[in-house]
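Asker: Take a look at the following structure, please.
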Amino acid sequence: MALGLAAKKEIVAEVSDMASQALSVAVAEYRGMEVSELTELRVKAREQGVYLKVVRNTLAKRALAETKFSDLESALTGPLIYGFSIEAPGGAARLFKDFAKTNAKLNVTALSIGSGLLGPEKLDAVAALPTRDEALARLLATFKAPVGKFVQTVNEIPSKFVRVLAAIKETK
């Protein structure tokens, strides 16, 4: 079914809006996948806060042209599904990586976290990016570690003194 100019403008505006809100974008080729598999992927994406969209590449190029993901233009060939990570920078990459384990027909072709085009070999690195909560937990653990070590060191002085007194008592 052919799209009219108004529908094309609406799709470009929608994808451009999502790209401006997104933390990262993952692009995957879905050639050979069945509708039920794509539906399953969409359900998982909704659960993980990832916006999925199948768009013509020409419309996607226009939509991404004015965003921080404009570098993806050279990788937009073939039947592609776009995953926009809204909540966590590694969300779409993690979704595609996990789904590709059970479905070999989904092939990630490009990734972007707004700092340049990343190839499919960087999928594991982007998927390993922490969520906001995980990053905050790591930051708090980093802040807590020196204080804990300091308290342990300060506590060691009286403990050592008591052990020395106990050893002297046992010898006498």
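The values are calculated or read from the model by the stated rules, or taken from the named source; none is laboratory data. Keep in mind that what you see is a predicted model, and the values were worked out from it rather than measured. Backbone-built Cβ (ideal geometry, glycine too); neighbour counts: all protein chains shown.
Asker: Can you tell me which residues in the range 96-107 are of a type outside the set (Lys, Arg), assigned to a helix (DSSP H, G or I) and surrounded by fewer than 24 Cβ atoms within 10 Å (Cβ to Cβ)? Walk me through it before giving the result.
Answerer: Here is the first cut: in the range 96-107, the ones of a type outside the set (Lys, Arg) are 96, 98-100, 102-104, 106-107.
Applying the additional criterion that residues be assigned to a helix (DSSP H, G or I) yields 96, 98-100, 102.
Across the range 96-107, the qualifying residues are Asp98, Phe99, Ala100, Thr102.
Asker: Here's something else I'd like to know. Tally the residues that are touching a residue at least 24 places away in the same chain (Cβ under 8 Å) and farther than 16 Å from Ala75 by Cα, restricting the search to the range 21-39.
Answerer: Looking only at the range 21-39, we keep the residues that are touching a residue at least 24 places away in the same chain (Cβ under 8 Å), and these are 21-33, 37-38.
Filter once more, so that each one left must be farther than 16 Å from Ala75 by Cα: 21-23, 32-33, 37-38.
Result for the range 21-39: 7.
So that you can scan it fast, the table gives a plain yes or no per residue for (1) on the phi > 0 side of the Ramachandran plot; (2) modelled with pLDDT of 85 or more:
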position	(1), (2)
Glu34	no, yes
Leu38	no, yes
Val54	no, yes
Thr77	no, no
Tyr82	no, yes
Gly114	yes, no
Val126	no, no
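Asker: Select from the range 108-120 the residues that are of a type in the set (Val, Ile, Thr) and assigned to a strand (DSSP E or B) and write down the one among them that is nearest to Arg132 (Cα to Cα). Lay out the reasoning, then the answer.
Answerer: In the first step, residues of the range 108-120 are kept if they are of a type in the set (Val, Ile, Thr); the result is 108-109, 113.
After this cut, where a residue has to be assigned to a strand (DSSP E or B) as well, the list is 108-109.
Details: Val108: 24, Thr109: 26 Å.
Checking each candidate, the answer is Val108.
Asker: Select from the range 75-95 the residues that are assigned to a helix (DSSP H, G or I) and more than 13 Å from the chain's Cα centre (by Cα) and list them in ascending order.
Answerer: The initial filter retains those residues of the range 75-95 that are assigned to a helix (DSSP H, G or I), namely 75, 91-95.
Within the range 75-95, just Ala75 meets the criteria.
Asker: Check whether at least one residue in the range 72-95 is closer than 17 Å to Ser24 by Cα, surrounded by 11 or more Cβ atoms within 10 Å (Cβ to Cβ), free of Cβ contacts under 8 Å to residues at least 12 places away in the same chain and small (Gly, Ala, Ser), and report yes or no.
Answerer: No, the conditions are met nowhere in the range 72-95.
Asker: Go through the range 124-164 and count every residue that is touching a strand residue (DSSP E or B) at 6+ places or on another chain (Cβ under 6 Å) and free of Cβ contacts under 8 Å to residues at least 40 places away in the same chain.
Answerer: To start, the set of residues in the range 124-164 that are touching a strand residue (DSSP E or B) at 6+ places or on another chain (Cβ under 6 Å) comprises 126.
Now drop any that are not free of Cβ contacts under 8 Å to residues at least 40 places away in the same chain, which leaves none.
Selection size over the range 124-164: 0.
Asker: A further question follows. Take the conditions of a type in the set (A, V, I, L, M), surrounded by 12 or more Cβ atoms within 10 Å (Cβ to Cβ) and outside the structural domain of Ala92 (by TED's automatic domain parsing) and apply them to Ala137. Does it pass?
Answerer: Values: of a type in the set (A, V, I, L, M): yes; surrounded by 12 or more Cβ atoms within 10 Å (Cβ to Cβ): yes; outside the structural domain of Ala92 (by TED's automatic domain parsing): yes.
Spelling it out, Ala137 is indeed of a type in the set (A, V, I, L, M), surrounded by 12 or more Cβ atoms within 10 Å (Cβ to Cβ) and outside the structural domain of Ala92 (by TED's automatic domain parsing).
Asker: Restricting the search to the range 1-21, which residues are surrounded by 14 or more Cβ atoms within 10 Å (Cβ to Cβ) and more than 19 Å from Phe69 (Cα to Cα)?
Answerer: Lys8
Asker: Next up: So, of the residues in the range 29-59 that are buried (at least 16 other Cβ atoms within 10 Å of the Cβ) and hydroxyl-bearing (Ser, Thr, Tyr), which turns out to be farthest from Gly91 (Cα to Cα)?
Answerer: Tyr30
Asker: Name the helices (runs of 4 or more DSSP H) wholly inside the range 1-74 in which the number of residues that are of a type in the set (S, T, N, Q) is 3 or more. If you could, list the steps in order and put the result at the bottom.
Answerer: Working: elements: 5-21, 35-48, 57-64.
Per the criteria, 5-21, 35-48.
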